[in-house]
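Asks: Here it is: the structure, laid out below.
The values are calculated or read from the model by the stated rules, or taken from the named source; none is laboratory data. Every value quoted in this text rests on a predicted model; they were computed, and no experiment measured them. Cβ placement follows ideal geometry from the backbone for every residue including glycine, while neighbour counts extend to all protein chains displayed. Side chains are part of the model used for accessible areas, which takes the heavy atoms of the whole protein and leaves out ligands, DNA and RNA. Shrake-Rupley method; radii C 1.70, N 1.55, O 1.52, S 1.80 Å.
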Amino acid sequence: MDMRDFSAPRMFDTAQINDALICSPAPTAIYAGKNMIIQFANKGMLELWGKDASVIGKPLMEAIPELEGQPFLSLLQQVWDTGKSYSVTDAPASLIKNGIQVTDYFDYEYRALLDTSGRTWCILNTALEVTARRDFLIRIQQKEEKEQALNEEMAATLEELTSTNDELNHSVKLLAESREHIRMIIEQAPVGIAMLQGPDHIIEIANPAILKIWGRRETEVIGIPHTQARPELKGQPVNDWLEQVFITGEPKINNEFPVKLFDNGGLREAVVNSIYQPIRSTTGEVTGVLVILDDITSEVIERKKNEKDQHMLALAIDAGELATFYYEPASNLFSGNALLKSWFGLSADELIELPLALNAIVPEDRERVQREIANVLNQESNGHYAIEYSIKGNLNESPRLLQAMGKVLYDLNGKPQSLNGTLRDITRQKKEEQRKDDFMSMVSHELKTPITSLQAYLQLMQRMAIIKKDISQQNMLDKSVKQLQTMNAMINGFLNVSRLDSGRMHIERTEFDLIALIKEVEDETVSTIHTHQLSFAPVPNMRISADREKISQVLHNLIGNAVKYSRMGGSIHIACYELENHGTRITVSDQGIGIEQEDQDRIFERYYRVKHPASGSIAGFGIGLYLCKEIITLHGGEISVVSAPDQGTTFAIELPGKLTRE
């Protein structure tokens with residue numbers, strides 16, 4: 001008869017526990033001494049560091065020199081000196097993996113393990129990469145705080161138990177201390193660990209982490225067979241795996257295993273990483289099973305959500321025919337998606353240095369692009385990258401005009417980490433705009449002659465109607481002349497666009513009386529606009545140096561827009577101010593339909609028109625404000641807009657230069 005007592009607790013040595021922890025899916029390391037000698041590091045921690053087992057036995061900074069300048073060594077030394085553990089969530093760490101320096105985010109913990117005298121004898125380091133689930137940091141932090149409280153309570157209990165062994169002989173005391181050290185490591189580990197004893201899998205140890213995963217209290221499971229303590233596993237393969245591990249001595253490892261766990265009287269769907277490791281005696285006999293569990297349900301859900309979001313983003317990028325790019329200043333490497341590589345003539349898996357990619361840019365644009373990249377990577381820059389340039393990825397293809405939009409990402413020290421963005425092929429768009437401009441220019445030139453003749457005929461008829469005192473005919477002719485003037489202004493606008501594009505629009509500065517110009521604009525607008533209330537504020541007595549005709553054109557355009565986009569009978573206010581820097585500020589304010597913020601960002605673009613239900617029937621080609629901006633820019637000034645939907649709009653132009661008072 002086998003007289004072995006399977007109900008008695010079985011002792012486990014440090015080597016057995018180390019073997020088991022090596023298989024842990026959670027990165028784990030143990031350091032000792034002020035220089036933080038790496039005493040132990042499992043496969044997960046080595047992969048996290050990007051190192052192999054040769055680093056074990058070395059000081060931390062010698063093994064991982066890229067940690068220089070990062071806070072890890074000082075934190076470890078502080079934990080060693082004080083005996084107080086340190087943990088942090090969502091913390092960045094810059095490591096070299098496969099020759100490339102990357103920055104990931106981690107939950108990690110430096111736990112000081114104390115001897116009976118209260119001094120630190122080693123530090124347990126556990127880490128978990130949380131880059132993909134940063135949104136869950138608060139929940140994880142709360143979880144760790146609760147576990148810390150339980151661990152401290154358990155540690156206090158274990159210290160009391162240890163103190164009762166003082167009367168044991170030296171060899172028994174050493175063995176007991178060794179066992180307690182192992183138990184402390186298990187109890188304080190952030191992953192779930194349990195020890196099952198004998199063929200009945202009696203639960204000998206279950207740390208707080210695994211009790212939380214199981215949904216059980218310690219008193220419900222300790223000393224009870226696993227199948228009896230956890231009846232919810234009936235019909236699931238876990239108990240069969242335990243039996244196989246105990247009989248065969250072969251470990252069982254599962255990644256992302258779906259399981260139903262006990263939770264508040266019911267069951268919950270969960271996903272875990274699990275290891276079932278045989279525990280052997282000094283003679284090699286399997287005496288139990290070490291269970292290591294890590295509940296990764298939230299991480300898997302978040303990863304799948306991210307995968308879905310990434311898939312949707314990829315579909316949007318493909319649908320928009322956008323090329324994506326990224327550039328890392330530290331490594332000078334440049335790459336992107338397949339479309340970008342095809343445009344730049346790169347192979348599908350090529351990761352190249354930036355100068356090689358710049359060679360695809362046509363020579364006349366190359367220096368400008370280099371300068372813009374350097375400017376945006378300057379720490380004083382706002383980090384926004386926007387530029388248009390042409391590339392020629394292959395010798396046999398025509399140049400491709402691209403519009404680049406990007407943003408710089410910074411590390412915690414404010415240092416540029418990467419420049420990411422998209423490229424859009426606007427070759428066809430620019431050609432369409434050019435064809436439109438050419439057509440408008442041609443039509444405008446062709447219409448000038450007949451309109452000039454028509455205007456002369458109408459003016460002759462007006463004089464005849466005045467002589468005949470035919471009021472009805474005068475009214476009709478006045479309306480016809482106004483319509484003709486509107487058409488003539490539109491044609492002049494198109495001609496101005498054509499002149500602007502060809503560089504033939506020039507500013508002819510003269511010094512003139514600002515009061516006279518505003519008075520002239522007031523007389524012209526008040527006599528022709530009877531649907532709105534126009535008010536002109538008093539103008540300072542000053543003379544300015546500018547192109548009088550073009551400034552008048554800008555004011556007429558802004559007032560005309562205020563009329564078009566204001567309700568009948570609304571008020572329009574025009575004011576002029578002298579700026580402190582001796583410049584001039586002119587504002588045109590209305591009480592109209594207002595402009596959405598997204599439209600305000602583009603309202604000065606050529607051919608852009610505000611998308612508003614109330615403006616659908618308002619005529620226009622979207623060149624008026626574009627010309628206003630270009631005219632003011634040629635003066636060295638600025639034009640801006642302040643607006644809100646249904647609260648009116650204020651356009652302001654500022655002209656620089658010293659004013660002359662009369």
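Asks: Just name the residue that is farthest from A189 (Cα to Cα) out of those in segment 201-247 that are assigned to a loop (DSSP other than H, G, I, E, B) and open to solvent by 40 Å² or more (accessible area, probe 1.4 Å).
Replies: G235
Asks: With the structure loaded, tell me whether E321 is open to solvent by 40 Å² or more (accessible area, probe 1.4 Å) and modelled with pLDDT of 90 or more or whether it fails that test.
Replies: no
Asks: Among the residues of segment 568-577, count how many are farther than 10 Å from G648 by Cβ and surrounded by fewer than 17 Cβ atoms within 10 Å (Cβ to Cβ).
Replies: Qualifying residue count for the region: 3.
Asks: What residue, of V300, V238, V221, V289, is of a type in the set (V, I, T) and modelled with pLDDT under 90?
Replies: V300
Asks: Here is a follow-up. Which of the residues that make up segment 512-538 are part of a loop (DSSP other than H, G, I, E, B) and open to solvent by less than 30 Å² (accessible area, probe 1.4 Å)?
Replies: H532, A537
Asks: Any residue at all in segment 37-44 that is in contact with a Pro (Cβ under 8 Å, 6 or more places away or on another chain) and within 17 Å of W121 (Cβ to Cβ)?
Replies: Yes.
Asks: Test each condition in (1) of a type outside the set (G, A, S); (2) in contact with a strand residue (DSSP E or B) (Cβ under 7 Å, 6 or more places away or on another chain); (3) open to solvent by less than 40 Å² (accessible area, probe 1.4 Å) for I253 and report the one that comes out false.
Replies: I253 satisfies all of (1) of a type outside the set (G, A, S); (2) in contact with a strand residue (DSSP E or B) (Cβ under 7 Å, 6 or more places away or on another chain); (3) open to solvent by less than 40 Å² (accessible area, probe 1.4 Å) except (3).
Asks: Moving to a separate point now. Scanning for something among the basic types (K, R), modelled with pLDDT under 75, open to solvent by 80 Å² or more (accessible area, probe 1.4 Å) and in a helix (DSSP H, G or I), does segment 436-443 turn up at least one residue?
Replies: yes
Asks: Is at least one residue of segment 263-280 surrounded by fewer than 18 Cβ atoms within 10 Å (Cβ to Cβ) and either over 42 Å from the mean Cα position of the chain (by Cα) or under 22 Å from Q197 (Cα atoms) (or both)?
Replies: Yes, because at least one residue in segment 263-280 is surrounded by fewer than 18 Cβ atoms within 10 Å (Cβ to Cβ) and either over 42 Å from the mean Cα position of the chain (by Cα) or under 22 Å from Q197 (Cα atoms) (or both).
Asks: Check off (1) among the polar types (S, T, N, Q); (2) modelled with pLDDT of 90 or more; (3) more than 24 Å from S24 (Cα to Cα) for Q101 and give me the number that stays unchecked.
Replies: That leaves (2) as the condition not met.
Asks: How many of the residues in segment 52-80 are acidic (D, E) and touching a residue at least 12 places away in the same chain (Cβ under 8 Å)? Walk me through how you get there before you give the answer.
Replies: Of the residues in segment 52-80, the ones acidic (D, E) are 52, 62, 66, 68.
Of the ones still in play, those that are also touching a residue at least 12 places away in the same chain (Cβ under 8 Å) are 66.
Here the count works out to 1.
Asks: L558 passes all but one of (1) modelled with pLDDT of 90 or more; (2) of a type outside the set (D, E, K, R); (3) open to solvent by 10 Å² or more (accessible area, probe 1.4 Å); which number fails?
Replies: The failed condition is (3).
Asks: Within segment 119-148, count every residue that is within 25 Å of Q77 (Cβ to Cβ), at pLDDT 75 or above and of a type in the set (S, T, N, Q).
Replies: 4
Asks: Consider segment 579-594. How many of its residues are part of a loop (DSSP other than H, G, I, E, B) and under 18 Å from I632 (Cβ atoms)?
Replies: Count: 4.
Asks: Are there any pairs, at least 6 apart or on different chains, whose C-beta atoms fall under 8 Å, with the first in segment 462-482 and surrounded by 11 or more Cβ atoms within 10 Å (Cβ to Cβ) and the second charged (D, E, K, R) and at pLDDT below 75, and if so, which?
Replies: What qualifies is Q462/D478.
Asks: Sticking with this one: Could you list, in sequence order, all residues of segment 561-583 that are at pLDDT below 90 and touching a helix residue (DSSP H, G or I) at 6+ places or on another chain (Cβ under 7 Å)?
Replies: Matches in segment 561-583: N561, Y565.
Asks: Could you check segment 41-76 and list, in sequence order, the residues that are surrounded by fewer than 18 Cβ atoms within 10 Å (Cβ to Cβ), more than 33 Å from the chain's Cα centre (by Cα) and not in a loop (DSSP other than H, G, I, E, B)?
Replies: A53, S54, P59, E62
Asks: A further question follows. Taking the conditions exactly as written (open to solvent by 20 Å² or more (accessible area, probe 1.4 Å), modelled with pLDDT under 85 and among the polar types (S, T, N, Q)), does N169 satisfy them or not?
Replies: The answer is yes for N169.
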